[in-house]
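The values are calculated or read from the model by the stated rules, or taken from the named source; none is laboratory data. The structure presented is a predicted model; accordingly, all values stated were derived computationally and were not measured. Because the Cβ atoms are built from the backbone with ideal geometry, glycine has one as well, and the counts that use them run over all protein chains shown. Ligands, DNA and RNA are stripped out before the accessible areas are found, and what is left, the full protein with its side chains, is counted by its heavy atoms. Shrake-Rupley method; radii C 1.70, N 1.55, O 1.52, S 1.80 Å.
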Amino acid sequence: MPHLTTDDGVQLYYEETGKGAPIVFVHEFAGDLRSWEPQVRYLSRRYRCIAFNARGFPPSHVPQEVASYSQARACDDIRAVLDGLKMDKAHIVGLSMGGLATLHFGLTYPDRALSLLVGGAGYGSESGEREKFRTEAVVIAGKLEREGMASFAQAYAYGPTRVQFEAKDPRGFLEFKTMLAEHSAKGSANTQLGVQRERPSIFDLEAQLAKLSVPMLVVTGDEDWPCLLPGVFIKRTCPSAALLVIPNSGHAINLEEPAALMRRSRIFWPRSTPADGPCAIPVPSATASPA
């Protein structure tokens, strides 16, 4: 199994396929690199696609100490992937927890990002939801430690922003739930405590977002209520950001609407990408209508 080693000694499992401009996919808390299979299968026809499992998600290493997990570390692990695979720059695509890691990567290492796609990011960012979100992270971690992954997956998969997926694609939803149950309870608990609970609100990033010039597309489902306002905030604050809202959709938009995510977000690059370097994701203008 291919692994690369981060600067703090953690081994990350990755899969790579295709040739061309590099795209790095960063998964959500309830997913892993397999969550990006629809996108990788299509885009690897034209591009070099790399998907990796975050620390705590086997077959990546599962550090036993919560101190090994943080929002900053999740950002730096993306950098470690680029460094380990000898990539100077890449398009970074992330969802939810991975979307926030992607956003922080763009803010921290703008010179390493060709473009950013930030999907379903910002849950718990609103001021009235902050403490509730932090408390939920502790409760979830405790449930994982006590009851294990299978029990947790059965409950977590039916959240109010995930039932849309089951309604549209029962077979895909069952696969998602099955894969979630295969995760490490310890790694998932530590991720909740180290990354999720302690991450900053998107609204605290205003000054940094206002200076960001990397092309960025923010994507959210219109029924992913906790992420709608944060998405609008990023769009209004960041001069290089565009916002795409996918109708009648919840949180797992990469699985729920895989074709729409690729087509409507314009995540394809021209087939005639110049040999001397990749082009960035075309970002729709403010006046463009959804395609």
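Worth pointing out:
- Against the test of being more than 13 Å from the chain's Cα centre (by Cα) and of a type outside the set (S, T, N, Q), the options Arg34, Arg45 yield a single qualifying residue, Arg45.
- For region 41-66, residues that are modelled with pLDDT of 95 or more and either among the small types (Gly, Ala, Ser) or buried (at least 17 other Cβ atoms within 10 Å of the Cβ) (or both) total 15.
- When Leu209, Leu244, Leu228 are screened for being open to solvent by 10 Å² or more (accessible area, probe 1.4 Å), within 17 Å of Ile92 (Cβ to Cβ), outside any loop (DSSP other than H, G, I, E, B) and of a type in the set (A, V, I, L, M, F, W, C), only Leu244 passes.
- Checking each residue of region 68-86 against the condition of being in a loop (DSSP other than H, G, I, E, B) and hydrophobic (A, V, I, L, M, F, W, C) gives at least one match.
- Test: residue in region 170-186 that is at pLDDT below 95 and of a type in the set (S, T, N, Q): no
- Exactly one residue out of Gly94, Gly99, Gly122 is crowded, with 18+ Cβ neighbours inside 10 Å and in a helix (DSSP H, G or I): that is Gly99.
- Residues of region 110-140 that turn out to be within 17 Å of the chain's Cα centre (by Cα) and over 30 Å from Asp88 (Cβ atoms), as a count: 3
- Yes/no for Ala252 being more than 19 Å from Ala167 (Cβ to Cβ), of a type in the set (Gly, Ala, Ser) and under 18 Å from the mean Cα position of the chain (by Cα): no
- Of all residues in region 189-205, none satisfies being small (Gly, Ala, Ser) and open to solvent by 20 Å² or more (accessible area, probe 1.4 Å).
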